[in-house]
Amino acid sequence: MAGRNPKAQTIRNMLLAMAVVIPVAGISYVFIPHDQDGDPVPTVGYRVELDTARRAAPYAVAAPEGLGDDWRATSVSYRPKGELGSVWHLGFLDPQTEYVAVEQSDGPARAFVDDVSQRAEKTGKTQRVGGAEWQRYQGPKYNALVREEKGVTTVVTGTASYERLGEMAGALKAAKGPKN
């Protein structure tokens, strides 16, 4: 052992290990199925979270009714009593795979709208949806329709057109759940 270099021995062992690992990894990759046509954004069910939020929230929680099957829910959450108030979120992909979200809060309206609309600015224009006036906001990333009512601010926001945002706003039904 007197003439062996320990560094050379370490490099040799590493190369031998790689000679075993790389072919095994390559063979594994070839034989493991890959779903390249699959949708990277999974659809989620939101009924349980909606019922829970409607029981817990201090306001009537809104969710769409009657949208076509080509609208897919992709995210849902309810956060009680945070910095922006009690916040309800329900995200969708519309039929053209544009993002549309329903956001509600009982917190400070200005900070909430700024946060969920990605800093969209009020345009001064309104859009009538189902007999109600919604304020239009426009931003570099998201556009939004905003409706402030007593105790709750509702925002329909996303990358979709105002027409699609209006379609979502028109489908919203707000309800309170029974308290436990």
Over the chain, the sum of -39500 (n - 2.57) across DSSP H runs of at least four, divided by residue number and rounded to 500 deg cm²/dmol, gives at 222 nm -9500 deg cm²/dmol
From the Cα centre of region 130-177 to that of region 46-109, the distance in Å is 12 Å
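Please give the charge dipole size of the chain, origin at the Cα centre, charges +1 on K and R Cβ atoms and -1 on D and E Cβ atoms. Round to the nearest 20 debye. Before the final figure, lay out each step's value.
Working: 22 positive and 21 negative charges, 158 e Å.
Dipole magnitude for the chain comes out near 760 debye.
Computing the accessible area with a 1.4 Å probe over protein heavy atoms, can you report the carbon and sulfur percentage for region 97-145? Before the final figure, lay out the partial values.
Details: 1080 of 2690 Å².
Looking at region 97-145 in its full context, I get 40 percent from C and S.
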Across all Cα atoms of region 39-102, Rg and the largest Cα-Cα distance (Dmax), in Å, are 12.4, 36
Dividing the surface of the Cα convex hull of the chain by four yields a projected area in nm² of 18.4 nm²
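Where does each of 132-141, 11-20 land if you order them by average Cβ count within 10 Å, highest first?
On the way: 132-141: 15.7, 11-20: 9.9.
Packing order, densest peptide first, comes out as 132-141, 11-20.
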Here the gain from full extension of Leu15 to Ala60, 0.36 nm per residue of separation minus their alpha-carbon distance, amounts to 9.8 nm
Most packed first (mean Cβ within 10 Å per residue), the peptides 43-49, 64-70 order as 43-49, 64-70
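In Å², what does the accessible area per residue of the chain work out to with a 1.4 Å probe?
On the way: 11260 Å² over 180 residues.
I get 63 Å² per residue for this part.
Order these peptides, 72-80, 24-32, by their mean beta-carbon neighbour count within 10 angstrom, highest first.
72-80, 24-32
The values are calculated or read from the model by the stated rules, or taken from the named source; none is laboratory data. Remember, predicted model here, so these are calculated numbers, not experimental data. A quick note on method: Cβ atoms are made from the backbone with ideal geometry, for glycine too, and the neighbour counts reach across all protein chains shown. To get the accessible areas, we keep the full protein, side chains included, count just its heavy atoms, and leave off ligands, DNA and RNA. Shrake-Rupley method; radii C 1.70, N 1.55, O 1.52, S 1.80 Å.
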